Amino acid sequence: MKMVPSFLLFLLILCTGIAKAGEENRITLSPSDTHSNQNQINEAIKTVAASGGGTVYLNPGVYYVDNTIVIRSNVHLIGDPEAIIRVSPRSSQWFTGRIGVISCKESLKNVEIAGFQIDGNIGKLPRSYANSQPGREHDCEKLINIGGYSGDFANNIKIHDMKLYNAFSDGIYIIYAQNVEIYNNFISNCQHEGIYLSVVRGGGYIHHNKIAGITSDCARLDNCKQCLIEYNLFFSYGGESYGAYKHGENGLQIGDAGSSKGYNAVKKGYPTEDIEVRFNTFADPGLRAIWLHSGTKNVYIHDNKFVDAEVLETMGVPLGDISPDNPPTVEDSLTVFDLLRLYEGQTSINDYQDMIKNDPVKTQEDKKAFFSPVVWLFLLIVVILLYGIKINLEAAFRW
């Protein structure tokens, strides 16, 4: 009797073992009916980290939190796109300094945050929270506030496919780190920086993000080295500032801290150098599309697109309804980005709905997803297993 080849059995056992290992180090959560969901999330993160690392997965639903979620090394905090971590309207002001909605108590190594939403919920919180720290205006309620320390840099951090919105301060803030990748995120109405890298020295990669910045920068790099910023959509708008500086919005700011408000690393020996900015689209910045401070070294800016408000209005976005007094909703920001993503220099679009329906960019993305190596590897394994079953059945009938 012919048997399935031994290498196929080995492959099947290996795949089964990997699946079991993943199951053993994975905890899945659903929101509890409290305002302190950080407790169950923190307990799951602690358990997974203690076992050597793994995944904490958030099912769909709203997770109200009234204190910080503490991420740990070797942990993947992943969630469904409809899982929303929302700051409780009952919160006191706990999110100050290095404590964010998601923060850390160690120099992080090998961390991934991906897939879900964080809502800072500033419309339901006292406006006094915005500027309550003397000398540190808009330094409270960073949604993701992680990194390392001057003597112990964080390493290998990935943040992707997130929706971050409605915060008094930054969407993503990372300090003292290397090998940081931030991509495919949507950030809207974060009242300080959308993405803020401070002293990221080596391997900083910001790409394919959509950031609608208000009153400050869509993205900012202070005292960073060897960073690449590409294929992002940066849209700046004026609006309800919740105490922030009116019309201070830029697309991208690059320089040494001390040039403007923020962490002062000038005396720490970390000058800004070796930065490349390319293939990004900047739309309607209130001050500057790119604010490059003097004293930086080897900053290369090329092949970016710049779109003004007149073009956006021609493309069907009623910017007059968004600014200067009304912050855009998440839906407004998404509409702007749908248009900017397709922008190829055209001056008019007659039918916005048809354009989105026939989105050539999305079509190409779908094709790439279908022909991905993972899909083909899975199909190959299925074919091999079916072939082995066929051989066994033929041998059985011959008996």
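Taking Cβ atoms as reference points and 10 Å as the exclusive limit, the residues near S188 contribute a net charge of 0, counting Lys and Arg as +1 and Asp and Glu as -1. Taking other residues whose beta carbon is less than 13 angstrom from the beta carbon of K297, and scoring Lys, Arg as +1 and Asp, Glu as -1, yields -3.
In a reduced charge model with +1 at each Lys and Arg Cβ and -1 at each Asp and Glu Cβ, the stretch 95-177 shows a dipole moment near 120 debye about its Cα centre.
A 1.4 Å probe run over the stretch 154-196, with the rest of the protein chains in place, finds 20 Å² accessible per residue.
Remark: the H302-E106 segment gains 66.8 nm on full extension, using 0.36 nm per residue and subtracting the alpha carbon distance.
Largest first, the residues H192, H208, H76 sort by 1.4 Å accessible area into H208, H76, H192. For S128 and N39, the difference between the fully extended length at 0.36 nm per residue and the C-alpha to C-alpha distance is 29.4 nm. Less than 5 angstrom separates the built amide H of G213 from those of F235, S236, Y237, all sequence-distant by 5 or more or on a different chain.
The distance separating the Cα centre of the stretch 267-298 from that of the stretch 89-112 comes to 27 Å. Solvent-accessible area of S188, all protein chains in place: 0 Å² (probe radius 1.4 Å, heavy atoms, ligands and nucleic acids excluded). Sorted largest first by accessible area at a 1.4 angstrom probe radius, with every protein chain in place, the residues W291, W376, W94 fall in the order W376, W291, W94. Spin-label model, V383/F279: points 7 Å from Cα along the beta carbon direction are separated by 3.1 nm.
Of the listed residues T329, T296, the order by accessible area with a 1.4 Å probe, largest first, is T329, T296.
What's the carbon and sulfur percent of the stretch 28-169's accessible surface, probe 1.4 angstrom, rounded to a whole number? Using a 1.4 Å probe with all protein chains present, the stretch 28-169 comes out at 46 percent carbon and sulfur. Rounded to the nearest 0.05, the FRET efficiency derived from the C-beta distance between T28 and A50 at R0 = 22 Å is 0.80.
The values are calculated or read from the model by the stated rules, or taken from the named source; none is laboratory data. In this text the structure is predicted, and so the values were computed from the model without any measurement. Methodologically, a virtual Cβ is constructed for each residue, glycine included, from the backbone with ideal geometry; neighbour enumeration extends over all protein chains shown. Surface accessibility is based on the protein's heavy atoms, side chains included, excluding ligands, DNA and RNA. Shrake-Rupley method; radii C 1.70, N 1.55, O 1.52, S 1.80 Å.
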